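For reference, the structure discussed in these notes is given below.
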Amino acid sequence: MSAATASIDSVVAAVEPTRVAAIDHTSFRRRFFRSHAAVTGSVILILVLFSAAFASVLYPGDPRDMVAQASIWPGQDAHYLLGTDMLGRDMAAAIFHGARQSLFIGFAATSLAVLVGTVIGVLSGYFGGFVDDSLMRFTEIFLTMPTLLFTIALVIILGPSGGSIALAIGLTSWPQIARLVRAEAMRVRQYDFVSAAITIGMGHVRIILKHILPNSLSPVMVAASVMIAQVILAEASLSFLGLGDTTVMSWGGMVGAGRAVLRTAWYMTALPGLAIFITVMGFMLLGNGLNDVLNPRTPVR
Amino acid sequence: MKKPGKYVTRRLLQVIPTSVIIVLLSFLLLKTAPGDMVDVIAAESGGATKEYMDQMRELYGLDVPAHMQFVHFINRVLHFDLGYSFRDNMPVSSLILERLPATVLLSLSSIGFALVVGVALGALAAKYRGSVLDTAISVISTIGFATPLFWIGLMLIVLFSIQLRWLPVAGMVTVGMDYANHWEYALDVARHLVLPALSLGCFFLSMYVRLTRSAMLEVYGLDFVRTARAKGVSEWRVITRHVLRNALLPIVTITGLQLGGLFGGTVVIETVFGWPGIGRLAYDAVAARDINLFLAIFLCSSLMVIFMNLLVDLLYVVLDPRIEVAQ
Amino acid sequence: MSLLEVKDLSIHFKTPGGTLTAVDKLSFSVDAGETLAIVGESGCGKSVTALALMRLLTPSTKVSGSIRFEDRELTTLPERQMRDLRGNRMAIIFQDPMAALNPVMTIGDQIVEAIRAHEKVSKEAARKRAEELLELVHIPEPRRRLDEYPHRFSGGMRQRAAIAMALASKPSVLIADEPTTALDVTIQAQILHLLHRLQRDLGMALILITHDLGVVAETADRVLVMYAGRKVEQQGVNGLFEQPLHPYTQRLMGAKPRLEQDSVGTPQRLQEIPGLVPQLTQLPAGCAFSTRCDMADHVCHSVRPELKSHAGHGLIACHKSEQLDAAEVAAAVATKGIQFIERAPAEQPLARVA
């Protein structure tokens, strides 16, 4: 590994320290509720999840349908609290429904990244040697590629749909997880209980499932939480560029559309952007909070 | 004790397979896409005859099998020929060179801004750890991380261009303006540069703040800082020569990587501000299936990343005397 | 008037669990050219005291009492003037020479920095001085070594370099905080001899902080024993080794590994002090050592012993001090199998014994 790659690890560690030890459930709960970041993040995310879950109940019908006069400013009409856009669509409905798209892409792409990253990382860290060398070379290629260009290319080629966006973002996000899991696997691999398991003839798959993976769980949880935030931002960028799924409402797409009337109705741009910000903030706070909770080195404030 | 020559050569040789694989990968990607450039042109021109399309494909070398196209492409790259953009009727290299200065200007000014302000804020937060100032700075940096770049850009436009009318909305120069001298031109560009550089800088800024703070806190705890104070050295010197100097490595790394990502990282901001740079060019190229142009940008970006990684590695040898290049 | 006079020095740390008293009303003085050893287990407050003397503790630490040095009151001295003293009139060396030097600055630059912090001399002149200083601490090829980074130095060499740096402005007092603890045994002796010789040659006072009684026997004139942030005993080095007064000091001597005079190499069982050092947040109401002392009675547990002079040759804080006359101690020691250590002859390094 080159010094630069090694140093990326140290940089990542500096930005999001994820050296984590196992903590039992009760103390986890206690520390969790004492962490302002974790609690605030959770509250925000519960609200966002609520909006996504009850969007169809609160705002039935297609949010893309015209319901009122165009360009009603927020607060102008009590029935449309957040106003309407230039096509007379209810902004509030659009934002509630937009939460679905952001959360869907966020979870789908992150799951993909965690899956791919964990498999590659665990194989690399557990087996070491040639397997490690080739897998890390492969990872390095993905790290070298200009991420955004690659994602844009992939989405344009596969056609902009929820699935293709999740796939494209997921495919560019896994290297982070892979390196994290690899480091954890290498660390756990050295412990005596792993040697003992090998000595008593336990299979590699069982050792990985029973010993290596559970030990990597905490850092991956923290990283995944922060990654969802990054994915939501990436999805918003794609939608903003006009590469989003046009069949559903998305916050990035709303910002992109609102741009055309920025001069006269900037609220159409501001509101969905605020929604993105709040959601991303929720996941980041949760990630930071989990890090405080799971990492005994940093005291809970 | 240090012989970087051999090391550089070895690292440079490692670059070749990585680049080839990256180009192959992106080539395959664009090849699996339904429809080629001729289809796009035909669709835009509103229907073309089969003969005409075949003729076009032959002209642009699209009639040979995919692997041969790839071989041709690699062969040309080795001769420093990045191909021809059929869409813009220009050699790809001149298209890129034409757009390059705008992107370099934008990236360097935003990273420069973020570096100076970010390191200063991070150092302040570390110095006054746990204070109100520290909390405020870390809140600002978290907000910077959580806000979509394009949205910051648009909000800045609303505030500074639309409401206050201080700065231009978009572009790099005022259209149709006559410049009396170079200064006037530079001033005009600078006025256009402020908002995009600020928006792009916001994200980098957050990163530098966090990085500097945590790196410096780590160093503050080390014994040699106490030694320096025990020598009776001024606090300013303790911070700059001892703490910051040792916290420099992660900062250098991040700066290197960001400069490496300069080509592809500016797509969104260039779109928001209509900035005529590489990012926007790449986006247009993919949309128009201009495979040569896109591949060239992709290749240049990747090489840039690889090159910056190499540079960071070499800087490490200079910055950290503990790293000695093994023979 | 002594060179350095500390009176009622108390140091409090704020921790999440409440305020913690690391040092409690400590008083002592050091004369020019003298070596005072401060002895105690880790956590007894001796290193904190060293940092307090240099005013290197973090600002949130509360320091009270008085520290007079060369007719100046250090506790209230403006930071600017304090900085002028640091590394100039008073200097310190730390325990871990691996960590005490800046890894990205050459040894020469670090010494030059120390010189130029207090004297307006040219870089060249400072460099020349740095070379002489390295020579003074017996680093071979000093000119070449100036341009090397700390990682190329061995542990002992780094400690020598740290000493050279501390001596840059010929301080009148040098504080050595566990200067040999992190080093190999053979190197320890060399560094001690070096410190001893430098102290003698430069006529500076030396405050030697250690938990190693062998080091004390080797170099100290007077000894101050600390336990849980308090001074429990103080006397001349000969007196201490002949007749340790406080039960804790006696135990400390028992806890020291020794070589039998006639059976060199035969391992001896280390005598441990039973019990644990009490948490500084939960000190007993009386004598801090009462929880581990087998002479302790209800008075010891409830009333804090004052420091008083004992038989004219030392200070002791113990309710049982009257009972602790030499004969009884000897008897008690004999029954417990504790032996005293005599002061080792100077030419014989480190601890030797009875």
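The values are calculated or read from the model by the stated rules, or taken from the named source; none is laboratory data. All figures in this text were calculated on a predicted structure; none of them were measured in a lab. With ideal geometry, Cβ positions are generated from the backbone for all residues, glycine too; neighbour counts draw on all protein chains shown.
Residues that are outside any loop (DSSP other than H, G, I, E, B), buried (at least 24 other Cβ atoms within 10 Å of the Cβ), at pLDDT 85 or above and out of contact with any Lys or Arg (no Cβ under 9 Å at 6 or more places or on another chain): does region B:230-238 have at least one? No, region B:230-238 has no match at all. Scanning region A:130-137 for residues that are touching a helix residue (DSSP H, G or I) at 6+ places or on another chain (Cβ under 8 Å) and of a type in the set (Ser, Thr, Tyr) turns up nothing. Of all the numbered requirements in (1) over 23 Å from the mean Cα position of the chain (by Cα); (2) closer than 25 Å to C:Phe13 by Cα; (3) buried (at least 19 other Cβ atoms within 10 Å of the Cβ), C:Cys300 misses one, and that requirement is (2). For the criterion of being modelled with pLDDT of 85 or more and either touching a His at 6+ places or on another chain (Cβ under 9 Å) or closer than 17 Å to B:Ser19 by Cβ (or both), B:Ile74 fails. All conditions but one from (1) surrounded by 22 or more Cβ atoms within 10 Å (Cβ to Cβ); (2) at pLDDT below 85; (3) closer than 30 Å to B:Asn75 by Cα apply to B:Ile278; the one that does not is (2).
Quick check: anything in region C:99-106 without any contact (Cβ under 8 Å) to a residue 24 or more places away in the chain, within 9 Å of another protein chain (Cβ to nearest Cβ) and touching a Leu at 6+ places or on another chain (Cβ under 8 Å)? Taking every residue of region C:99-106 in turn, at least one turns out to be without any contact (Cβ under 8 Å) to a residue 24 or more places away in the chain, within 9 Å of another protein chain (Cβ to nearest Cβ) and touching a Leu at 6+ places or on another chain (Cβ under 8 Å).
Whether a residue is among the hydroxyl-bearing types (Ser, Thr, Tyr) and buried (at least 18 other Cβ atoms within 10 Å of the Cβ) was assessed, and A:Thr147 passes this test. Residues of region C:76-89 that are within 23 Å of the chain's Cα centre (by Cα) and more than 9 Å from chain B (Cβ to nearest Cβ): C:Arg89 alone.
Just checking, which of A:Leu286, A:Leu233 is buried (at least 19 other Cβ atoms within 10 Å of the Cβ), farther than 25 Å from B:Val272 by Cα, modelled with pLDDT of 85 or more and within 14 Å of another protein chain (Cβ to nearest Cβ)? From the options A:Leu286, A:Leu233, the qualifying one is A:Leu286.
Only one of the numbered conditions (1) of a type outside the set (Phe, Trp, Tyr); (2) surrounded by fewer than 21 Cβ atoms within 10 Å (Cβ to Cβ); (3) away from chain B (no Cβ under 11 Å); (4) in a helix (DSSP H, G or I) is violated by C:Lys170, and that is (4). Evaluating A:Pro214 against the criteria (1) within 13 Å of chain B (Cβ to nearest Cβ); (2) part of a helix (DSSP H, G or I) leaves one unmet condition, (1). For region B:255-274, filtered to residues that are touching a residue at least 60 places away in the same chain (Cβ under 8 Å) and facing chain A (nearest Cβ under 7 Å), the residue that is surrounded by the fewest Cβ atoms within 10 Å (Cβ to Cβ) is B:Thr271. When B:Gly232, B:Gly277 are screened for being in contact with a strand residue (DSSP E or B) (Cβ under 7 Å, 6 or more places away or on another chain) and more than 11 Å from chain A (Cβ to nearest Cβ), only B:Gly232 passes.
Among the residues of this structure, A:Asp85 does not count as one that is within 14 Å of chain B (Cβ to nearest Cβ) and of a type outside the set (A, V, I, L, M).
Taking the stated definitions as given, is A:Ser102 of a type outside the set (Asp, Glu) and either within 14 Å of chain B (Cβ to nearest Cβ) or in contact with a Cys (Cβ under 8 Å, 6 or more places away or on another chain) (or both)? Judged against the criteria, A:Ser102 is a match. The residue pairs whose first member lies in region A:260-284 and is free of Cβ contacts under 8 Å to residues at least 24 places away in the same chain, whose second member is outside any helix (DSSP H, G or I), and whose beta carbons are closer than 9 Å, counting only pairs six or more residues apart or on different chains, are A:Leu262/B:Val169; A:Arg263/B:Val169; A:Thr269/A:Leu262; A:Gly273/B:Thr147; A:Gly273/B:Pro148; A:Phe277/B:Thr147; A:Phe277/B:Pro148.
Taking the criterion of being more than 10 Å from chain A (Cβ to nearest Cβ), closer than 13 Å to B:Ile96 by Cα and either among the polar types (S, T, N, Q) or touching a Gly at 6+ places or on another chain (Cβ under 7 Å) (or both), the residues of region B:288-327 that qualify are B:Asn292, B:Ala296. Residues of region B:122-149 that are part of a helix (DSSP H, G or I) and under 28 Å from A:Val255 (Cβ atoms): B:Ala136, B:Ile137, B:Ser138, B:Val139, B:Ile140, B:Ser141, B:Thr142, B:Ile143, B:Gly144, B:Phe145, B:Ala146, B:Leu149. Within region B:229-252, residues that are touching a residue at least 12 places away in the same chain (Cβ under 8 Å) sit with their Cβ atoms under 7 Å from residues that are of a type in the set (S, T, N, Q) and surrounded by fewer than 20 Cβ atoms within 10 Å (Cβ to Cβ), at 6+ positions apart or across chains, in these pairs: B:Pro250/A:Ser10. Going through (1) in a helix (DSSP H, G or I); (2) of a type outside the set (Val, Ile, Thr); (3) touching a residue at least 60 places away in the same chain (Cβ under 8 Å) one by one, A:Ser134 falls short only on (3). Scanning region A:71-103 for residues that are among the aliphatic types (A, V, I, L, M) and more than 22 Å from the chain's Cα centre (by Cα) returns A:Ile72, A:Ala78, A:Leu81, A:Leu82, A:Met86, A:Leu87, A:Met91, A:Ala92, A:Ala93. If you take the residues of region B:165-190 that are of a type outside the set (A, V, I, L, M, F, W, C) and assigned to a loop (DSSP other than H, G, I, E, B), which of them is surrounded by the fewest Cβ atoms within 10 Å (Cβ to Cβ)? Going through the qualifying residues, I end up with B:Gly176. For region C:192-230, a tally of residues being charged (D, E, K, R) and either crowded, with 24+ Cβ neighbours inside 10 Å or in the same structural domain as C:Pro247 (by TED's automatic domain parsing) (or both) returns 1. Can you list residue pairs whose Cβ atoms sit under 9 Å apart, with the first residue in region B:275-295 being on the phi > 0 side of the Ramachandran plot and the second being among the small types (Gly, Ala, Ser) and at pLDDT below 85? Count only pairs 6 or more apart in sequence or on different chains. Listed pairs, sorted by first residue: B:Arg289/B:Ala33; B:Arg289/B:Gly35. Considered as a group, the residues in region B:240-253 that are surrounded by fewer than 21 Cβ atoms within 10 Å (Cβ to Cβ) and farther than 30 Å from B:Thr147 by Cα include one that is farthest from the other protein chains (Cβ to nearest Cβ), and that residue is B:Thr240. From the list B:Ile74, B:Ile143, B:Ile157, B:Ile96, the one residue that fits, being within 14 Å of chain A (Cβ to nearest Cβ) and surrounded by fewer than 18 Cβ atoms within 10 Å (Cβ to Cβ), is B:Ile143.
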